[in-house]
Ligand code: ACO
């Protein structure tokens, strides 16, 4: 048995922040942001937090799957922006949606989080431990941004996406996933520093810090590489792939991946123009939009690929 996606949902904050809005906060402009990243606007939370967005996306995915929350066996939340160190986000979601029979935990792999979570769920389903799962990618990166750093604050947005997965004969085909901690310094956000009764000291808040060009080079090299690996592993030809659903960081990264794979850009759907980079949420939000627009037909082969801090990256091949 393999994991099969049987329902999708997504939720974003009400509040829209355009590039022009940002130009009133930092020294930037619509032309710079849109030509270098493809982003035109993003949702930035005011009332919402990671749990609220995760719950909204989860409820929609369950509705789409026609499944009761009480039947969910596992809740796995990919996030690097939880609302608390503990309890984890999955337990908070469990409480809100009434998934009383589920076990829940979070997974941290930055922008690769959703793809890594899917692979974890596949392992549980393949081994027969669970027969279904709710996988959520949920982020409120806006709370970790330095709103005086124009190099990072223009890139990210808040949101959540969710999928319901069930054990089935077809669905998940294979995946590759990788980490390289040697690249840890190019994209960071520190948590609390070591400070206790033995180690006193002032606590300074840390924010997202990024070296844009090394991250760009990493993505355009490793994403085509891992996609090719998963194609070879499964003996699948590129022509058989209907869509490549990539982490929505930057349109230039996606265009460059398409070019390196010698594939048409039309096979790489994008929504980053409206959402910015929502980290672990970007792939399930895009999947939900495509699902609701009727773009995904039964039997379509699609590749999901996430990449981000760690460094972490991976690609999964699925039959819809
Ligand atoms: N508005 C205007 N000017 C800006 C802005 C801004 N928002 N940000 C930076 N600049 C300026 C810089 O200060 C610099 O000015 P200078 O030449 O006077 O020093 C100039 O623009 C060029 O800056 P670079 O950082 O060299 O710009 P670059 O062409 O590398 O583009 C970008 C930056 C868009 C971040 C690019 O490196 C990139 O796409 N990197 C990939 C990173 C990414 O997508 N990260 C997302 C998170 S990671 C993930 O999801 C995997």
## Note on the structure
In a Gaussian network model of the chain with springs linking alpha carbons closer than 10 Å, the residue among 192, 182, 36 that fluctuates most is 192
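For region 1-97, state the average projected area of the convex hull of the C-alpha atoms over all orientations, rounded to one decimal in nm². All intermediate terms of the calculation are to be shown ahead of the outcome.
Values: hull surface 35.0 nm².
Average of the hull's projected areas for region 1-97 equals 8.8 nm².
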### Task
Would you work out if region 251-303 is rounded, prolate or oblate? Take a ≥ b ≥ c from the square roots of the eigenvalues of the alpha-carbon gyration tensor; rounded if a/c is under 1.5, else prolate when a/b is larger than b/c, oblate otherwise.
oblate
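Which order results if 8, 140, 152, 18 are arranged by neighbouring Cβ count within 10 Å, fewest first? Intermediate results must be reported in sequence, preceding the final value.
Values: 8 24, 140 29, 152 21, 18 13.
Going from sparsest to densest Cβ surroundings: 18, 152, 8, 140.
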### Query
How big, on average over all directions, is the shadow cast by the Cα convex hull of the chain, in nm²?
16.8 nm²
### Query
Under a GNM of the chain (C-alpha, springs under 10 Å), which listed residue has the highest mean-square fluctuation: 46, 221, 166?
46
### Message
Working only with C-alpha atoms, what are the Rg and Dmax values of region 194-238, expressed in angstrom?
### Response
20.7, 59
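Suppose a student asked you for the relative contact order of the chain, using Cα pairs under 8 Å spaced at least 6 residues apart; what percent would you report?
It comes to 26 percent, rounded to a whole number.
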#### Entry: Separation in nanometres of the label points that stand 7 Å from Cα toward Cβ, at residue 182 and residue 105
2.9 nm
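Give me 30, 288 ranked fewest to most by other Cβ atoms within 10 Å of their Cβ, as a rough exposure proxy. Spell out each step's value before the answer.
Working: 30 16, 288 24.
Least crowded to most crowded, the residues run 30, 288.
Could you work out the Kirkwood radius for region 181-320, taking every pair of different alpha carbons, averaging 1/r and inverting it, reported in Å?
Values: mean 1/r = 0.0601 Å⁻¹.
Averaging 1/r across every pair of different Cα atoms and inverting gives 16.6 Å.
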### Query
Where does region 30-183 land on Rg/Rh, using Cα atoms and the Kirkwood Rh?
1.01
### Message
How large is the translational diffusion coefficient of region 217-266 in µm² per second when you combine the Kirkwood radius over alpha carbon pairs with Stokes-Einstein at 10 °C and 1.306 mPa s?
### Response
142 µm²/s
### Task
Rank 82, 214, 284 by mean-square fluctuation in a GNM of the chain with C-alpha springs under 10 angstrom and give only the top-ranked residue.
214
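Coordinate-derived values only; no laboratory data. Keep in mind it's a predicted model, so treat the numbers as computed, not measured. With ideal geometry, Cβ positions are generated from the backbone for all residues, glycine too; neighbour counts draw on all protein chains shown.
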